[in-house]
Amino acid sequence: MNPSKIAQELQKKFPRLSIKTNEILAPYTTFKIGGPVEIFITTESSNQLKNLLVFIKTSYPRLPITILGNASNLLIADSGLKGLVIKNNSQNIKILSLNLKTDQLSPKKTISNRRTELDPEKYLDFSSLNYDESTKPQVLVEIESGAPLPYALAYLFKNKITGLQWFAGIPGTFGGATWYNIHGGTYHLSDFIKEVTTLNLKTGKEELFQAKDLDFSYDYSVFQKKPHLVILSTTLSLYRGDTEKARITAQKWINQKAKCQPLPSAGSVFQNLDSVLVKKHGFKNPSVGWIIDQLLNLKGKTIGGAQISPLHANFIVNQKNATAKDVLSLIELIKKEFKKRWNIDLKLEIKILGNI
Ligand SMILES: Cc1cc2nc3c(=O)[nH]c(=O)nc-3n(C[C@H](O)[C@H](O)[C@H](O)COP(=O)(O)OP(=O)(O)OC[C@H]3O[C@@H](n4cnc5c(N)ncnc54)[C@H](O)[C@@H]3O)c2cc1C
């Protein structure tokens with residue numbers, strides 16, 4: 001069926017939803033890159049998201065669906081996307097229980113981080129900001145998947161809840177953050193996740209997953225292999241810690257990140273190297289940005305409107321009306337150099353959508 005017809009039918013069925021056709025996606029992304037999508041719908045609550053998805057799966061089972069959070073980890077093709085994009089704005093936050101005394105709730109930190117403190121003048125330095133909150137009373141909080149991290153952090157601090165200050169300055173939503181298992185400082189989001197509520201698009205039913213069943217690792221969760229699971233909310237085990245200290249830590253971290261993590265971009269382009277590769281090649285640290293800068297001298301390299309950032313070599317910036325193709329050309333150049341010099345196949349941290 002033609003997309004305009006589907007959009008009309010959906011508008012009739014869901015008169016309160018904002019439904020557009022041929023909407024350009026670039027303004028919805030932090031890269032400011034991306035062509036049109038056939039149908040674009042914004043949902044404002046988990047219920048709206050759920051009802052819409054269940055209806056679409058029964059009425060138009062073959063319609064491709066992409067869920068967007070803040071599109072801060074995405075490179076979208078200039079030719080755009082087929083089917084439907086849902087921009088998820090559900091951002092309700094529920095404080096489920098206060099002052100739990102047990103420390104059984106927190107999953108233990110099991111994923112090794114891939115950060116090494118580098119020259120603090122030039123690179124991000126987390127070591128002076130890190131501290132332990134694990135002896136503080138715990139609080140369970142359920143956050144809807146469209147809630148942006150900066151909004152959630154401000155809400156939690158206002159309610160005297162700490163624990164997520166390490167993720168300050170990350171411009172994503174909780175859906176994207178859970179899908180990717182974001183990292184901040186020496187932490188991963190999974191260090192705090194207790195469970196995740198999803199909608200299963202195959203059955204149309206809600207499903208609750210415990211963190212231990214979600215295969216969290218560096219930049220990975222099981223959701224990357226199971227696109228039929230849409231994340232509705234994430235429940236985290238946080239702390240009644242020192243809110244003032246957490247707020248100051250978050251601000252310091254944001255200030256540091258702002259200096260060397262430029263926009264418009266989609267964050268780090270490549271995953272850092274694992275310890276086996278670092279050891280094998282005798283690299284001083286696992287940071288791909290450091291290698292692109294110090295060993296490949298590619299900082300500042302430009303193709304079309306895209307540039308390897310002079311501030312952070314693992315960031316590509318949309319300097320001047322860059323196309324997705326410009327960005328991809330820089331990605332391919334860096335990959336080729338790693339392959340040629342060290343026979344290393346770099347892994348992308350950003351996700352590419354559509355055909356570039
Ligand atoms: C300046 C800058 C700094 C950054 N710093 C960091 C950092 O320090 N650490 C870090 O880890 N990342 C960082 N990032 C990358 C990015 O912000 C995170 O990965 C972020 O959590 C992505 O969330 P999002 O809402 O933007 O996801 P999107 O980019 O919108 O989506 C990413 C993927 O998740 C899927 N998805 C989104 N929501 C759902 C849902 N509800 N259900 C199922 N799937 C869903 C999408 O379909 C897509 O495949 C940075 C990015 C920028 C631009």
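For the range 143-168, filtering for residues that are of a type in the set (Ser, Thr, Tyr) and either part of a loop (DSSP other than H, G, I, E, B) or open to solvent by less than 10 Å² (accessible area, probe 1.4 Å) (or both) leaves 2. Among the residues making up the range 255-272, those that are hydrophobic (A, V, I, L, M, F, W, C) and modelled with pLDDT under 95 are Ala258, Cys260.
Test Gly83 against the criterion of being outside the structural domain of Leu232 (by TED's automatic domain parsing), within 30 Å of Gln319 (Cα to Cα), touching a residue at least 24 places away in the same chain (Cβ under 8 Å) and assigned to a strand (DSSP E or B), and give yes or no. Criteria met by Gly83. Filtered by the rule that a residue be within 16 Å of the ligand (Cβ to nearest atom), out of contact with any Leu (no Cβ under 9 Å at 6 or more places or on another chain) and touching a residue at least 24 places away in the same chain (Cβ under 8 Å), the range 124-174 gives Phe126, Leu129, Asn130, Ala147, Pro148, Tyr151. Here the range 269-280 is the region considered, the condition is being in contact with a Lys or Arg (Cβ under 9 Å, 6 or more places away or on another chain), open to solvent by 20 Å² or more (accessible area, probe 1.4 Å) and not in a loop (DSSP other than H, G, I, E, B), and the residue that is farthest from Tyr180 (Cα to Cα) is Val278. Among the residues of the range 14-25, write down those that are open to solvent by 20 Å² or more (accessible area, probe 1.4 Å) and either part of a strand (DSSP E or B) or within 24 Å of Ile170 (Cα to Cα) (or both). Passing the criteria: Ser18, Ile19, Lys20, Thr21, Asn22, Glu23, Ile24. For Leu263, the stated conditions do not hold, so it cannot be described as in contact with a Pro (Cβ under 6 Å, 6 or more places away or on another chain), touching a residue at least 60 places away in the same chain (Cβ under 8 Å) and surrounded by 15 or more Cβ atoms within 10 Å (Cβ to Cβ). Restricting attention to the range 53-71, the residues being over 18 Å from Glu23 (Cα atoms) and either out of contact with any Leu (no Cβ under 7 Å at 6 or more places or on another chain) or open to solvent by 20 Å² or more (accessible area, probe 1.4 Å) (or both) number 8.
Screening Glu337 with (1) in contact (Cβ under 8 Å) with a residue 24 or more places away in the chain; (2) more than 15 Å from the ligand (Cβ to nearest atom); (3) closer than 29 Å to Leu25 by Cα gives one miss only, at (3). Out of the residues in the range 180-193 meeting the condition of being assigned to a strand (DSSP E or B) and not aromatic (Phe, Trp, Tyr), tell me which one is most open to solvent (accessible area, probe 1.4 Å). Of everything passing the filter in the range 180-193, His183 is most open to solvent (accessible area, probe 1.4 Å).
Considering the conditions (1) out of contact with any Ser or Thr (no Cβ under 8 Å at 6 or more places or on another chain); (2) over 30 Å from Ile65 (Cβ atoms); (3) surrounded by fewer than 22 Cβ atoms within 10 Å (Cβ to Cβ), Thr243 is excluded by exactly one of them, (1). Scanning the range 218-253 for residues that are modelled with pLDDT of 95 or more, in a helix (DSSP H, G or I) and not basic (Lys, Arg) yields Val222, Phe223, Gln224, Thr243, Glu244, Ala246, Ile248, Thr249, Ala250, Gln251. In the range 194-209, the count of residues that are open to solvent by 20 Å² or more (accessible area, probe 1.4 Å), over 17 Å from Ala313 (Cβ atoms), of a type in the set (S, T, N, Q) and part of a helix (DSSP H, G or I) is zero. The set of residues from the range 231-259 being near the ligand (Cβ under 10 Å from one of its atoms) and under 18 Å from Ser72 (Cα atoms) comprises Ile231, Lys257, Ala258.
The values are calculated or read from the model by the stated rules, or taken from the named source; none is laboratory data. Bear in mind that the values here come from a model prediction, so they are computed numbers and not experimental data. When we count neighbours, we look across all protein chains shown, and the Cβ atoms used for this are built from the backbone with ideal geometry, even at glycine. Only protein heavy atoms, including side chains, enter the accessible area calculation; ligands, DNA and RNA are left aside. Shrake-Rupley method; radii C 1.70, N 1.55, O 1.52, S 1.80 Å.
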